[in-house]
Amino acid sequence: MSSSDPEHPAPPDVPRYRPRERFWPYADLPEQPTAEELAALDPDLHAALFGKPPGPFSITLVFPRIDSPEYERAVAMARASAEYRETGSGDAFRHRARFWSADALKLRDLFEIIDRFPDSEVLIDDRPVPYARELWLPLVWFLIPR
């Protein structure tokens, strides 16, 4: 009885091939996560792993591609924020611009452009918070010097 005979297959405990010595193709990954991987972590997981980061709270504006003549200006303003990321693809593509409280004027200028669009979001410390648009942002506007 030969293992290559189609009428008599080899018993299941006999391997049909010899595995390579290198087991997984991704075995050469670095042991420490990259800065991009750390930035993409969920805020709760990041806080559980590394503790709450010291410093002021942040406000993040999230918006999709918009059909507006001001879109390019909004993207340029978002890229000038403290932290900028692009996430998703296709219809799920989003720009994420994080601002600190010291950047209240830049935050307000970008918010005035993207506020008219229903898919834009305001996140406080990367979380959706009730009344973020109606309460938190106007409180931050008080930080704008006159």
Original post:
Considering the stretch 126-146 alone, what residues qualify as being aliphatic (A, V, I, L, M), out of contact with any strand residue (DSSP E or B) (no Cβ under 9 Å at 6 or more places or on another chain) and farther than 16 Å from ASP103 by Cα?
Top reply: LEU135
**OP:** Starting from residues that are under 14 Å from the mean Cα position of the chain (by Cα) and in a loop (DSSP other than H, G, I, E, B), keep the ones in the stretch 70-94 and report whichever is nearest to LEU38 (Cα to Cα).
**Re:** GLY88
Original post:
What residue, of ALA80, ALA97, is free of Cβ contacts under 8 Å to residues at least 60 places away in the same chain and under 13 Å from ILE59 (Cβ atoms)?
Top reply: ALA97
Subject >> Residue that is touching a strand residue (DSSP E or B) at 6+ places or on another chain (Cβ under 6 Å), touching a residue at least 40 places away in the same chain (Cβ under 8 Å), surrounded by 10 or more Cβ atoms within 10 Å (Cβ to Cβ) and outside any strand (DSSP E or B), where the choices are LEU61, LEU123, LEU107 >> reply: LEU107
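Looking at this structure, is ALA97 part of a strand (DSSP E or B), of a type outside the set (Asp, Glu) and within 19 Å of the chain's Cα centre (by Cα)? So that I can check it myself, show each step before the final result.
On the way: part of a strand (DSSP E or B): yes; of a type outside the set (Asp, Glu): yes; within 19 Å of the chain's Cα centre (by Cα): yes.
Yes; evaluated as a whole, the condition is true for this residue.
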Original post:
Can you spot a residue in the stretch 122-131 that is within 20 Å of PRO69 (Cα to Cα) and over 20 Å from the mean Cα position of the chain (by Cα)?
Top reply: no
Original post:
(1) in contact with a helix residue (DSSP H, G or I) (Cβ under 7 Å, 6 or more places away or on another chain); (2) crowded, with 19+ Cβ neighbours inside 10 Å; (3) within 18 Å of LEU38 (Cα to Cα): which one isn't true of ARG98, the others all being true?
Top reply: (1)
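Each reported figure results from applying straightforward, stated rules to the coordinates on display, with no laboratory input. All values reported here derive from a predicted model rather than from experimental measurement. Here Cβ is always computed from backbone atoms with ideal geometry, including for glycine, and neighbour counts include all displayed protein chains.
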